[in-house]
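Trainee: Structure incoming, see below.
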Amino acid sequence: MSVYTEPLQALIDELNRLPGIGPKSAQRIAFHLLKIPKEDAARLAESIVVAKDRVHWCRVCFNVCDSDTCQFCADDGRDGRVVCVVEEARDIVAIERSGAFKGRYHVLQGAISPIEGIGPEQLRVRELVKRLEDDAITELILATNPNVEGDATASYLARLIKPIGVRVTRLASGLPQGGDLEFADEVTLGHALEGRREL
Amino acid sequence: MSVTVDVTRLWLDRFRGIAELDLELGHGLTVFVGANGQGKTTLLEAVSWVARCRSFRGVPDQVLVQAGHEQAVVRAEVRHDQRTMLFEAEIKSNGRNRVMLNKSAVSRRRDLQDLLRVSVFAPDDLELVKGGPAFRRVYLDELLGSLAARYDAAAMDYERILKHRNALLRSNSVDASYASTLEVFDEQLINAGSELVRGRLQLLGKLEGELREAYASLASTDTSVECTYESGWSTDALDGSEDIETLRSQLREALHRLRSKERERKLTLVGPHRDDLEIKLGGLGARHYASQGEQRTLALSLRLAGHRVITDLTGSTPVLLLDDVFSELDESRAAALVEWLPHGQTFLTTTGVLPASVTPELTLRIENGKVCQ
């Protein structure tokens, strides 16, 4: 039983299907959209359609891009022998901001999560293995998230890829640089201690 | 010598049945006396909420907000030796709670926990002895978590890994990657599981002596009390002397042994989520053989032992909250309890008269959510 008039309820239902938007936020956004000028609403609708139309997955690494290959795969100045594997395209932005990585990427478009029915087949794993066979890649840096799903994905890939003869490394987890020791939580501090290096 | 932590003042606003209350509290033993349903336990619940950000009675937060109101507020002034701190909690009937320490927002529950710890005994704790293994696992894991963040993290990871692994076993997947995905989750289960078990065993090593002492003092008997860690996966009895590699390899072997059975049952059949802490009284399992009175005393002894271990390992004495504890004990055991009470601050509720030997520092009569002097 819907309290709202049909078109409004349909809008609320659509918004509610988006990640991170619950019934209450969906209502709030829907009412906001009703209040804004018609051209603003049209621009939003238009930008969704255009983005959907023009943005593709990079044919090589599955990053988002607006042509055949993404900016990193197209850049000859980058070291194609080292590939950093991330869960989502947005993770690339974070790594780029560090300025410490000059290789290429591979976006898995998710992490292994049996609870949600996501296994290696649902990720871009097959494509990664194909790249390893075709390209001259010597090292894979696994930069999946430091949580249960990200760790599982990293171990799965390590088991799969090490026999191929490619060097596989995992992003170190530890203290944020410039962070104050006092404010690091104990778990992170524990990992940092376990993963300590010789100076 | 441990640091004393005292709640020196408590303010409540719209918290359960208490509309408004401002209470000065002191060191040592404070007794809240009153008939049923007057708000004695609510006072303990408020103190424990500030320390743990949840009710010890296992109820959702909305229940704590007086009907028809948007929020309940609990404020507590806490003295830590020379330092005085103000804890404030706004518990919302709908929406995010707000917790502040000295007027600045606190985002992590642990930050409070290290400054104010509580040990709680409630009548439901009889389940620690009488109930199923899950109650005793929670008992151990809560103590561990309050001692070190890494065990909190290990327990949370373990639970998540277990869910993934069970989902995988249920999935009937025919994917080529199935076997190796399962192996990945086996390894994760083994790593988080052995970490958790090692923590439980080390804790148990410290608990057992305290439990024995607490039970002997309360029951004034020399009946033996023994604790053993029961696991369905280890080949030998575990006593805490094992290193992490031994635990890992034993858990790994058990998973291999049960591989086909697990696929048939579609469930993870071994691991710390199925282990138990077995308590024996005079050589017999307390869960089935002990009398009701013995079980009550043993449950209280478990809480007091945990309290002692926390005091010992953290160097500060938690505030001890004893809900309706005398209804559980006969006169001599009640007197023994008070005799045995640790040096820190204790809040105790009771409906009736106190045993003659008990002389609290402060007695407050609670009626209808108010203090009657």
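Trainee: Does B:Thr228 satisfy the condition of being more than 27 Å from B:Ala149 (Cβ to Cβ) and assigned to a loop (DSSP other than H, G, I, E, B)?
Mentor: Judged against the criteria, B:Thr228 is not a match.
Trainee: From B:Leu341, B:Leu313, B:Leu354, B:Leu320, which residue is under 19 Å from B:Glu213 (Cα atoms), touching a Phe, Trp or Tyr at 6+ places or on another chain (Cβ under 8 Å) and not hydroxyl-bearing (Ser, Thr, Tyr)?
Mentor: B:Leu320
Trainee: Only residues that are open to solvent by less than 70 Å² (accessible area, probe 1.4 Å) and part of a strand (DSSP E or B): list them for segment B:90-131, please.
Mentor: Answer for segment B:90-131, where residues must be open to solvent by less than 70 Å² (accessible area, probe 1.4 Å) and part of a strand (DSSP E or B): B:Glu90, B:Ile91, B:Lys92, B:Val99, B:Met100, B:Leu101, B:Ser104, B:Val118, B:Ser119, B:Val120, B:Phe121.
Trainee: So, B:Val74, is that one outside any helix (DSSP H, G or I) and modelled with pLDDT of 90 or more or not?
Mentor: Considered against the rule, which asks whether it is outside any helix (DSSP H, G or I) and modelled with pLDDT of 90 or more, B:Val74 comes out as yes.
Trainee: Find all pairs meeting these conditions: Cβ atoms under 9 angstrom apart; at least six residues apart or on different chains; first residue within segment A:124-140 and farther than 21 Å from A:Ala111 by Cβ; second residue among the β-branched types (Val, Ile, Thr) and open to solvent by 70 Å² or more (accessible area, probe 1.4 Å).
Mentor: A:Glu133/A:Ile164
Trainee: When you go through (1) at pLDDT 90 or above; (2) part of a loop (DSSP other than H, G, I, E, B); (3) among the small types (Gly, Ala, Ser) one by one for B:Ala305, which number turns out not to apply?
Mentor: Condition not satisfied by B:Ala305: (2).
Trainee: Output the residue which, of all residues in segment B:174-197 that are more than 7 Å from chain A (Cβ to nearest Cβ) and part of a loop (DSSP other than H, G, I, E, B), is least open to solvent (accessible area, probe 1.4 Å).
Mentor: Here the residue is B:Ala176.
Yes/no matrix, rows are residues, columns are (1) of a type in the set (Ser, Thr, Tyr); (2) modelled with pLDDT of 90 or more; (3) out of contact with any strand residue (DSSP E or B) (no Cβ under 6 Å at 6 or more places or on another chain); (4) within 20 Å of B:Leu258 (Cα to Cα):
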position	(1), (2), (3), (4)
B:Asp152	no, no, yes, no
B:Leu182	no, yes, yes, yes
B:Ile190	no, yes, yes, yes
B:Lys206	no, yes, yes, no
B:Gly209	no, yes, yes, no
B:Ser220	yes, no, yes, no
B:Ser241	yes, no, yes, no
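Trainee: Which one of these is hydrophobic (A, V, I, L, M, F, W, C), within 30 Å of B:Lys163 (Cα to Cα) and not assigned by TED's automatic domain parsing to the domain that holds A:Lys130: A:Leu108, A:Leu33, A:Leu11, A:Leu15? Walk me through it before giving the result.
Mentor: Working: A:Leu108 fails: not assigned by TED's automatic domain parsing to the domain that holds A:Lys130; A:Leu33 fails: within 30 Å of B:Lys163 (Cα to Cα); A:Leu11 fails: within 30 Å of B:Lys163 (Cα to Cα).
That would be A:Leu15, the only listed residue that is hydrophobic (A, V, I, L, M, F, W, C), within 30 Å of B:Lys163 (Cα to Cα) and not assigned by TED's automatic domain parsing to the domain that holds A:Lys130.
Trainee: I'd like the residue in segment A:54-66 that is in contact with a His (Cβ under 8 Å, 6 or more places away or on another chain) and surrounded by fewer than 16 Cβ atoms within 10 Å (Cβ to Cβ) and, out of all such residues, is nearest to A:Gln109 (Cα to Cα).
Mentor: A:Val64
Trainee: Name the residues in segment B:11-61 that are open to solvent by 20 Å² or more (accessible area, probe 1.4 Å), part of a helix (DSSP H, G or I) and under 25 Å from B:Asn102 (Cα atoms), would you?
Mentor: Residues satisfying the conditions are B:Arg52, B:Asp61.
Trainee: What pairs can you find where one residue is in segment B:284-301 and part of a helix (DSSP H, G or I), the other is open to solvent by 60 Å² or more (accessible area, probe 1.4 Å), and their Cβ atoms are less than 6 Å apart, with a gap of 6+ or different chains?
Mentor: Final answer for the pair search is B:Gln295/B:Lys130.
Trainee: A further question follows. On the basis of being among the hydrophobic types (A, V, I, L, M, F, W, C) and open to solvent by 60 Å² or more (accessible area, probe 1.4 Å), does B:Ala219 make the cut?
Mentor: no
Trainee: Quick one: B:Gly285 ticks every box in (1) of a type outside the set (A, V, I, L, M, F, W, C); (2) open to solvent by 40 Å² or more (accessible area, probe 1.4 Å); (3) under 26 Å from the mean Cα position of the chain (by Cα) bar one, so which box is it?
Mentor: (2)
Trainee: If you don't mind, there's one more thing I want to ask. When the residues of segment B:324-351 are narrowed to those that are open to solvent by less than 30 Å² (accessible area, probe 1.4 Å), assigned to a loop (DSSP other than H, G, I, E, B) and under 18 Å from B:Lys40 (Cα atoms), which ends up modelled with the lowest pLDDT?
Mentor: B:Val325
Trainee: Now a separate question. Tell me which residues, restricted to segment B:90-103, are more than 14 Å from chain A (Cβ to nearest Cβ) and free of Cβ contacts under 8 Å to residues at least 24 places away in the same chain.
Mentor: Within segment B:90-103, B:Glu90, B:Arg98, B:Met100, B:Leu101, B:Asn102, B:Lys103 qualify.
Trainee: Turning to a different aspect of this structure: Could you tell me how many of the residues in segment B:252-264 are open to solvent by 90 Å² or more (accessible area, probe 1.4 Å) and without any contact (Cβ under 8 Å) to a residue 60 or more places away in the chain? Please lay out each step first, then the result.
Mentor: Within segment B:252-264, the first condition is being open to solvent by 90 Å² or more (accessible area, probe 1.4 Å), and the residues that meet it are B:253, B:256-257, B:261, B:263-264.
So of that shortlist, the ones also without any contact (Cβ under 8 Å) to a residue 60 or more places away in the chain come out as B:253, B:256-257, B:261, B:264.
So the answer is 5.
Trainee: On the basis of being hydrophobic (A, V, I, L, M, F, W, C), assigned to a helix (DSSP H, G or I), open to solvent by 50 Å² or more (accessible area, probe 1.4 Å) and more than 9 Å from chain A (Cβ to nearest Cβ), does B:Ala155 make the cut?
Mentor: no
Trainee: Step by step: first the residues of segment B:77-89, then only those that are surrounded by fewer than 18 Cβ atoms within 10 Å (Cβ to Cβ) and charged (D, E, K, R), then the one that is modelled with the lowest pLDDT. Which residue is that?
Mentor: Per the criteria, the residue is B:Asp81.
Trainee: Taking segment B:132-152, which residues are assigned to a helix (DSSP H, G or I) and away from chain A (no Cβ under 14 Å)? Steps first, please.
Mentor: Of all residues in segment B:132-152, those assigned to a helix (DSSP H, G or I) come to B:133-147, B:149-152.
The answer is B:Pro133, B:Ala134, B:Phe135, B:Arg136, B:Arg137, B:Val138, B:Tyr139, B:Leu140, B:Asp141, B:Glu142, B:Leu143.
Trainee: Go through segment A:139-165 residue by residue and tally those that are in contact with a helix residue (DSSP H, G or I) (Cβ under 7 Å, 6 or more places away or on another chain), over 26 Å from B:Leu162 (Cα atoms) and open to solvent by 10 Å² or more (accessible area, probe 1.4 Å).
Mentor: 1
Trainee: Tell me which helices (runs of 4 or more DSSP H) are completely within segment A:87-167 and hold 3 or more residues being within 14 Å of another protein chain (Cβ to nearest Cβ), or say none if there are none.
Mentor: Values: elements: A:89-98, A:125-134, A:148-161.
Ranges flagged: A:125-134, A:148-161.
Trainee: Let me ask another. Being within 15 Å of B:Arg54 (Cβ to Cβ) and of a type outside the set (A, V, I, L, M, F, W, C) is the filter here; which residues of segment B:99-110 pass it?
Mentor: Selection gives B:Arg108, B:Arg109, B:Arg110.
Trainee: Of the residues in segment A:1-43, how many are surrounded by 12 or more Cβ atoms within 10 Å (Cβ to Cβ), small (Gly, Ala, Ser) and closer than 29 Å to A:Glu116 by Cα?
Mentor: Matching residues across segment A:1-43 total 4.
Trainee: Would you say A:Val64 is farther than 16 Å from A:Ile137 by Cβ, free of Cβ contacts under 8 Å to residues at least 60 places away in the same chain and among the hydrophobic types (A, V, I, L, M, F, W, C)?
Mentor: Spelling it out, A:Val64 is indeed farther than 16 Å from A:Ile137 by Cβ, free of Cβ contacts under 8 Å to residues at least 60 places away in the same chain and among the hydrophobic types (A, V, I, L, M, F, W, C).
The values are calculated or read from the model by the stated rules, or taken from the named source; none is laboratory data. Predicted model only: the values in this text are computed from it and were never measured. Cβ coordinates were reconstructed from backbone atoms using ideal geometry, including for glycine residues, and neighbour counts include every protein chain displayed. Remember, those area values only see protein heavy atoms, side chains included, never the ligands or the DNA or RNA. Shrake-Rupley method; radii C 1.70, N 1.55, O 1.52, S 1.80 Å.
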